[in-house]
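Visitor: Below you will find the structure I want to go over with you.
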Amino acid sequence: MLEIGFFPGTTLNVAMFVEMQQQYFARNHEADAPVFVDVSGLDGVAGGVAERFSHGVARNRVALLGSGPTDRVLARFLMGKLGQKHHCAYFERYATARDHVLNCN
């Protein structure tokens, strides 16, 4: 499982996303390993990131963790381009999010 977090005030842009994706592939031999993203440090998501996110995690189980309404909006923006059958969801509890990526079928 890959866990990703952000420093407070971060705006996720395409270049940052591509770098994260390269790190993911460098560390994981399986292209479908679970991904856990804590979005609570994000202040924004730049255009183009949601499209890349949807292609980048097409085979992964993904949990987006946040702590309130703003994080929920950012998570929904990221998930907006994913198909309905994709195993990606937003959570506000760490244990529930972790369980989602490790145990969903």
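The values are calculated or read from the model by the stated rules, or taken from the named source; none is laboratory data. Computed from a prediction, not measured in an experiment: that's the story for all the values here. When we count neighbours, we look across all protein chains shown, and the Cβ atoms used for this are built from the backbone with ideal geometry, even at glycine.
Visitor: Kindly establish whether Leu12 is of a type outside the set (Asp, Glu), touching a Ser or Thr at 6+ places or on another chain (Cβ under 8 Å) and either modelled with pLDDT of 90 or more or surrounded by 15 or more Cβ atoms within 10 Å (Cβ to Cβ) (or both).
Guide: no
Visitor: Pick from Arg98, Arg76, Arg59, Arg27: which is modelled with pLDDT of 85 or more, more than 12 Å from the chain's Cα centre (by Cα) and not hydroxyl-bearing (Ser, Thr, Tyr)?
Guide: The match here is Arg98.
Visitor: Just checking, which of Ser40, Ser67 is of a type outside the set (Lys, Arg), within 17 Å of Phe7 (Cα to Cα) and loosely packed, with under 15 Cβ neighbours inside 10 Å?
Guide: Ser67
Visitor: Right, Tyr24: hydroxyl-bearing (Ser, Thr, Tyr) and closer than 14 Å to Ile4 by Cβ or not?
Guide: Spelling it out, Tyr24 is indeed hydroxyl-bearing (Ser, Thr, Tyr) and closer than 14 Å to Ile4 by Cβ.
Visitor: In addition: Would you call Val18 modelled with pLDDT of 85 or more and either buried (at least 17 other Cβ atoms within 10 Å of the Cβ) or within 14 Å of the chain's Cα centre (by Cα) (or both)?
Guide: It is true that Val18 is modelled with pLDDT of 85 or more and either buried (at least 17 other Cβ atoms within 10 Å of the Cβ) or within 14 Å of the chain's Cα centre (by Cα) (or both).
Visitor: Identify, by number, the condition in (1) touching a Cys at 6+ places or on another chain (Cβ under 7 Å); (2) at positive phi; (3) not polar (S, T, N, Q) that Gly48 doesn't meet.
Guide: Among (1) touching a Cys at 6+ places or on another chain (Cβ under 7 Å); (2) at positive phi; (3) not polar (S, T, N, Q), the lone unmet condition for Gly48 is (1).
Visitor: Let me ask something else. Does Tyr90 satisfy being over 16 Å from Ala33 (Cβ atoms), of a type outside the set (A, V, I, L, M, F, W, C) and buried (at least 20 other Cβ atoms within 10 Å of the Cβ)?
Guide: Against the criterion (over 16 Å from Ala33 (Cβ atoms), of a type outside the set (A, V, I, L, M, F, W, C) and buried (at least 20 other Cβ atoms within 10 Å of the Cβ)), Tyr90 qualifies.
Visitor: For segment 21-37, which residues satisfy the criterion of being loosely packed, with under 15 Cβ neighbours inside 10 Å and farther than 17 Å from His87 by Cβ?
Guide: Those that are loosely packed, with under 15 Cβ neighbours inside 10 Å and farther than 17 Å from His87 by Cβ: Gln22, Gln23, Phe25, Ala26, Arg27, His29.
Visitor: With the condition kept exactly as written, say whether any residue in segment 68-75 is hydroxyl-bearing (Ser, Thr, Tyr) and closer than 21 Å to Asp99 by Cα.
Guide: No, that holds for no residue.
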